[in-house]
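The structure under discussion appears below in the form of structure tokens.
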Amino acid sequence: MSARLLLRAARLYDPALGLDRVADLLAEDGHVAAIGRGLPAGGAEVVEGGGLWALPGFIDLHVHLREPGETHKEDMTTGALAAARGGFTAVVAMANTRPPVDSPAAVADALARARQARALGGARVWPTAALTRGLMGETPTDAAALRAAGAVALSDDGRPVRSAAVLFAALKGARQAGLCVLDHAEDPDLCADGVAHDGPVGRSLGLPPRPAAAEAAQAARDVALAAAAGARLHLQHVSTAAAVEVVREARRRGLPVTAEATPHHLLLTEEAVAAFGAAARVNPPLREEGDRQAVWQGLVDGVIDAVATDHAPHAPEEKAAPFASAPPGISGLDSAVALLFAEVRAGRLPLAAFVDRFAYGPARVLGRPPERIAEGAPLALTLLDPEAPWEVDPDRFASRGRSTPFRGRRLTGRPAGILLPKEEGACP
Ligand SMILES: [Zn+2]
């Protein structure tokens, strides 16, 4: 992208600003310079926007990019390119790489890799840092130093903190540093070595159970600790009706508690385990229809602030293992926006709510201003082609991860790229 860019005749839609019109958008030096009809190109690179919608840049709060340590699954560049292809202008990378991101030096290293990925056309990658040293759940990390190094949040995602005392101390540190804690709330003792929801399908397949109560119990504990610590808590990949109620109650009390849901928990149940095997193995597991409906209702109501993919790529040979020994995780970046937009088309999610849960909500969780389509605002747009037919075909994903229980779904509407300044550091 050159320093000047003209998006011509797209539908510009930014519901928080009351913007909804077909117009040109001229960007200069990384900012929106003008919005109007018939703007002169004047040497700018031109993107023909006819038929496309331009939306405030989407942010994915939850991705695993596997670099350093497991680049056979994904690396920062393939992940950032999959994000861009999937319509995300920024993704929040979890800290459970090998080694984990638990020091200022590791954050700096992640930011350097992110800048390289960005220079190759990928989305911005914003790193989180571990909440406890080595993700071991024993010693809180230095939240202030991690924030100073560029971490956007703290998370031990994948390794729920077992000790309430350790979590309480870590939450206090996060509050003092002004960082949100992104919380994978599943009680590790209740989960034990469970791999599937404790429901009819999991039982019929004889899979070790991972009970729904493990999520709600841990979520309630963590909300209580966050409230006492005065910290901002964000519950990741909420999957049960009971956990949605925990969030709803916390919000009713005015606590700074937010939550996300994944496309798979919003759209699938444990039936997918019977149909797709290990491609449907995730933590927390796919639940029953009543849970799915409750999570969906939370998304529509706004109790769930964000759709996040929990993009967790693995190598094909790893996911080819039997269900109980295959690693948990779905490759989600390529398909998430198209999957949820299909729900907008079907009338189950208002368009303004769709934009909120993908753009404004994630920004709120991170405590940063949302992307805006307005003169003077930094350029960060998600483009959508609302009429394009598309099939979820993991063989054509930009991600190295090819495992998805949405394989073969036929959808109408898909992301059509992102617009970001050419030269931009990865640090927000
Ligand atoms: Zn998780």
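List the residues, sorted by chain then number, that are 5 or more residues from residue 46 or on another chain and whose placed amide H is less than 5 Å from its amide H.
For residue 46, whose amide H was placed from the backbone, the distant partners under 5 Å are 6.
In what order do 318, 249, 270 fall by count of nearby beta-carbon atoms within 10 Å, going from fewest to most?
249, 318, 270
Given 4 °C and 1.567 mPa s, how large is the Stokes-Einstein diffusion coefficient of the range 256-343 in µm²/s, with Rh as the Kirkwood radius over Cα pairs?
95
Would you calculate the volume per residue, in Å³, of the smallest convex hull containing every Cα atom of the range 18-61?
117
In percent, what relative contact order does the chain have, based on Cα pairs under 8 Å that are 6 or more apart in sequence?
Across the chain, relative contact order equals 19 percent.
For the range 398-411, just list the computed ³J(HN,Hα) in residue order, Karplus coefficients 6.51, -1.76 and 1.60, θ = phi - 60°, integers in Hz, with x standing in for Gly and Pro.
Whole-Hz 3J(HN,Hα) from phi for the range 398-411: 6, 5, 6, x, 10, 9, 7, x, 8, 3, x, 5, 9, 10.
Quick check on the chain: helices-only [θ] at 222 nm, where DSSP H runs of length 4 and up contribute -39,500 (n - 2.57) each and the sum goes over total residues. Nearest 500, please.
Roughly -9000 deg cm²/dmol at 222 nm, from the helical runs in the chain.
Two-decimal Rg/Rh of the chain from alpha-carbon positions, Kirkwood Rh?
Using Cα coordinates only, the ratio equals 0.96.
Return the equivalent ellipsoid semi-axes of the range 36-163 as a descending list in whole Å, where each equals the square root of 5 times an eigenvalue of the C-alpha gyration tensor.
Those come to 34, 14, 13 Å.
Over all pairs of distinct alpha carbons, what does the Kirkwood formula give as the hydrodynamic radius of the range 139-256, in Å?
The answer is 14.9 Å.
Amide H of residue 22 versus every other amide H placed in the peptide plane: which residues, excluding those fewer than 5 positions away on the same chain, fall under 5 Å?
HN-HN under 5 Å from residue 22: 12.
Which Cα, out of 35, 360, 382, lies furthest along the positive dipole direction of the chain (beta carbon charges, K/R +1, D/E -1)?
It is 35, whose Cα lies furthest towards the positive end.
By count of other Cβ within 10 Å, fewest leading, how are 136, 76, 94 ordered?
Ranked by crowding around the Cβ, least crowded first: 136, 76, 94.
About the Cα centre, and with charges only on the beta carbon of Lys, Arg (+1) and Asp, Glu (-1), how big is the dipole of the chain? Nearest 20 debye, please.
420
Any idea what angle helix 241-252 forms with the longest principal axis of the chain, computed on alpha-carbon atoms, 0 to 90 degrees, nearest 10?
For 241-252 against the chain, the angle is about 70 degrees.
Could you put 304, 59 in order, starting from the residue whose Cβ has the fewest other Cβ atoms within 10 Å?
Neighbour counts put them in this order, fewest first: 304, 59.
Using just the C-alpha positions of the range 294-425 as equal point scatterers, what log10 of I(q)/I(0) does the Debye formula give at each q in 0.13, 0.16 1/Å?
Debye intensities relative to I(0), on a log10 scale: -0.66, -0.97.
Tell me, what ³J(HN,Hα) does each residue in the range 42-52 have, in order and in whole Hz, if you take phi through Karplus 6.51 cos²θ - 1.76 cosθ + 1.60 with θ = phi - 60° and put x for Gly and Pro?
x, x, 6, 5, 10, 10, 6, x, x, x, 9
Taking amide H atoms as placed 1.01 Å from N in the peptide plane, list the residues 5 or more away in sequence, or in a different chain, whose amide H sits under 5 Å from that of residue 333.
none
Counting only DSSP beta bridges with both residues in the range 57-366, tell me the antiparallel percent, nearest 5.
Beta bridges within the range 57-366, antiparallel portion: roughly 5 percent.
No lab work stands behind these numbers, since they all come straight from the coordinates. Quantities reported herein were computed from a predicted structural model and do not represent experimental measurements. Ideal geometry is used to build each Cβ from the backbone, glycine not excepted, and the neighbour counts take in all protein chains shown.
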